[in-house]
Amino acid sequence: MRAALDGDAPAYRDLLMALRPFLVGYFSRRLNAGHHGQAEVEDLVQMTLLSLHEKRATYDRSAPFLPWLMAVARHKLIDYVRKTKKTVQVELDDTLSAVDGYGPALARRDVVILLAQLPKDQARVIGLHKLKELNVDEVSSLTGHSAANVRVMVHRGVKRLQALIAGGAL
C-alpha cells in the first residue's frame, strides 16, 4: 500500500489482486454464502476495493495496513446488512482477535473516531479519565476543571458516545 501511495501502479494492481481472495473468504464466511450467495460476496468485495481506492489517502503509512483494510471491509458489511436486513455470521471467539491482531487496532481506531465527535475538551477529559485511568482529581488538576465539572463532562460524554454507537456512528 505504501508503494501504491507513492505512485507505483504495478504495486497497487498487485495489492488489489492479492486482496481479492482474502476479501472473498472474509465475506463468504460472514454471509455463510453458498453457491447462490457468491454474487453478494462479489458485490461486497468490489464495494470494499472501490472504497479502499477512494479512501486510500486516509491510510496512515505508519500504521499496519490490514487493520485499516479490515475496518473498511467491516463497514461495507455493516452497510450491506443494514440495507438488506440479512443476517451474518459473527465470530465471537476472543482468541481470533488476539491471534490476528485486528481487535485492538480496530478498537483504538473506533475510539479515536468516536472521541473526535465530541468537543475537544470533553474528549480530552474522557481520554484522561477512562483511557489513561486517571482519577477525577488528577484529571481536574491537569485540565483546570473542577472535580464536579470533570464528573459531569465524563457522564455526559459517555452518554453521547453510547448514543453514537447505538446510532451506528462507526
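The values are calculated or read from the model by the stated rules, or taken from the named source; none is laboratory data. Just so it is clear, the model here is predicted, and its values are computed rather than measured. Because the Cβ atoms are built from the backbone with ideal geometry, glycine has one as well, and the counts that use them run over all protein chains shown. Remember, those area values only see protein heavy atoms, side chains included, never the ligands or the DNA or RNA. Shrake-Rupley method; radii C 1.70, N 1.55, O 1.52, S 1.80 Å.
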Problem set entry | Residue check, Ala4 under 27 Å from Ile113 (Cβ atoms) and at pLDDT below 85 | yes
Taking region 146-170 and keeping only residues that are open to solvent by 60 Å² or more (accessible area, probe 1.4 Å) and either under 24 Å from Arg74 (Cα atoms) or part of a loop (DSSP other than H, G, I, E, B) (or both), one is left with Ser146, Arg160, Gln162, Ile165, Ala166, Gly167, Leu170
Screening Pro67, Pro104 for residues that are at pLDDT below 80 and in a helix (DSSP H, G or I) leaves only Pro104
Of (1) open to solvent by 40 Å² or more (accessible area, probe 1.4 Å); (2) out of contact with any Lys or Arg (no Cβ under 9 Å at 6 or more places or on another chain); (3) touching a residue at least 24 places away in the same chain (Cβ under 8 Å), Met47 fails just (2)
Every listed condition ((1) of a type outside the set (A, V, I, L, M); (2) open to solvent by less than 70 Å² (accessible area, probe 1.4 Å); (3) under 25 Å from the mean Cα position of the chain (by Cα)) holds for Thr143 save (3)
Apart from one, (1) open to solvent by less than 70 Å² (accessible area, probe 1.4 Å); (2) at pLDDT below 85; (3) hydrophobic (A, V, I, L, M, F, W, C) all hold for Val72; the odd one out is (2)
In region 115-133, anything modelled with pLDDT of 90 or more and part of a loop (DSSP other than H, G, I, E, B) is listed as Leu118, Pro119
*May I ask you to verify whether Leu31 is surrounded by 17 or more Cβ atoms within 10 Å (Cβ to Cβ), farther than 17 Å from Asp110 by Cβ and modelled with pLDDT of 85 or more?*
no
